[in-house]
1. Would you mind checking Lys213/Lys234; Lys240/Lys261; Lys105/Lys200 for any pair whose Cα atoms are more than 26 angstrom apart?
2. Multiply the residue separation of Lys261 and Val184 by 0.36 nm, subtract the distance between their alpha-carbon atoms, and state the gained length in nm to one decimal.
3. Helix 258-272: angle to the longest alpha-carbon principal axis of the chain, degrees 0 to 90, nearest 10?
4. Within 12 Å, Cβ to Cβ, of Asp185, how many net charges do the neighbouring residues add up to if Lys/Arg are +1 and Asp/Glu are -1?
5. Based on other C-beta atoms within 10 Å, arrange Tyr296, Tyr37 from fewest to most.
6. Rounding to the nearest 20 debye, state how big the charge dipole of segment 154-233 is about its Cα centre with +1 on each Lys and Arg Cβ and -1 on each Asp and Glu Cβ.
7. Please compute one quarter of the surface area of the Cα convex hull for the chain and express it in square nanometres.
8. At q = 0.13, 0.21 Å⁻¹, what base-10 log of I(q)/I(0) does the Debye formula yield for segment 221-268 when every alpha carbon is treated as an equal point scatterer in vacuo?
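Read the figures in this text as sums done on the coordinates, not as results from a lab. Nothing here was measured: the structure is a model prediction, and the numbers come from that model. Every residue, glycine among them, receives a Cβ derived from its backbone with ideal geometry; neighbour counts consider all protein chains shown.
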Amino acid sequence: MSDLIKIGISACLLGEKVRYDGGHKHDRYITDTLGRYFAFVPVCPETECGLGVPREAMRLEGDPAHPRLVTNKTHVDHTARMTTWVNERIKALAAEDLCGFIFKKGSPSSGLYRVKVYNDQGYPSNSGRGLFAAAFTRWFPRIPVEEEGRLHDPELRENFIERIFALKRWRSFLDRQPTVGKLVDFHTREKLLLMAHSPKHYRSMGKRVAESKTMLPESLHAAYETLLMEALSKKATRAKQTNALMHVLGYFKKQISADEKQEVLELIENYRQKNVPLIVPVTLINHFVRKYQQSYLAAQTYLNPHPLTCDSATTAEGAGGPISMGI
Ligand code: SF4
């Protein structure tokens, strides 16, 4: 996976001076850390739909399910202009092969969660979604999305990044003339990662794979992709991670010595009791995977975290602190 992964982003987060006041909201963690692995496709709905810089600030008004985009002081309604632009831009983005999108929080165009929508009396409720963000999530429900503010939460950030890399692996699988045999292989490699997030989804996906000869490839792949992204959006709790780690240990039964087994068990227990982060038992397990040339485990994506995890296990950087298998 040497190529940078393409993800969309609200342009002001890259430092582009496209905000209503001519400013930007450059997020250095995004450009300096994530930028080493991701190629950004910038999108600024408000400038791209033809509104200039500077421009009058806007807000959402009316029904939170179908809000209107209206300027704050002069009350010009830009909903139709924005909607027309959104429909065209979404078509162009469909060809970009995006594996994720980072939105600017709070924006009536780009905000993903809890965007203010004002009622007829002028009172706001935090119940809306920016018009472009709403359309994007409707058209691309399986693409991971996040807001820049939430990336400062280590668990949310790790989960978002994990899903981006998983979608990239899946797209790479689809690009290489997928067969039933290759799908079995893909599913096998993702097993422990899926179990750490949702054993229930892992089983449902296994059923799909087992029935794959009876389904059209397009339907099978769409169903599998939906389940894959759904599964990884479930929180990988400490209990589920512990269960996955114990599962790993099971594959070593005949090779590992009693002392080594005890060492791993102690670290798993320390992890379960929140004394050490996940990367600690995973690192020791990987040592034994190499020592005993355990090919099944060596292929597990669970034990081969994405490069951002490895990168940050040794460096504390970025506004939100290190990315790590921190739970
Ligand atoms: S929040 Fe969205 S619309 Fe506003 S400046 Fe940033 S990219 Fe443009």
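1. Among Lys213/Lys234; Lys240/Lys261; Lys105/Lys200, the Cα-Cα distance tops 26 Å for Lys213/Lys234; Lys105/Lys200.
2. 24.8 nm
3. Relative to the chain, helix 258-272 is tipped by roughly 20 degrees.
4. Charge balance in the 12 Å sphere: +4.
5. Tyr296, Tyr37
6. Using only the charged Cβ atoms, the result is roughly 180 debye.
7. Over all viewing directions, the chain projects a mean Cα-hull area of 18.7 nm².
8. One equal scatterer on each Cα of segment 221-268 leads to -0.47, -0.76.
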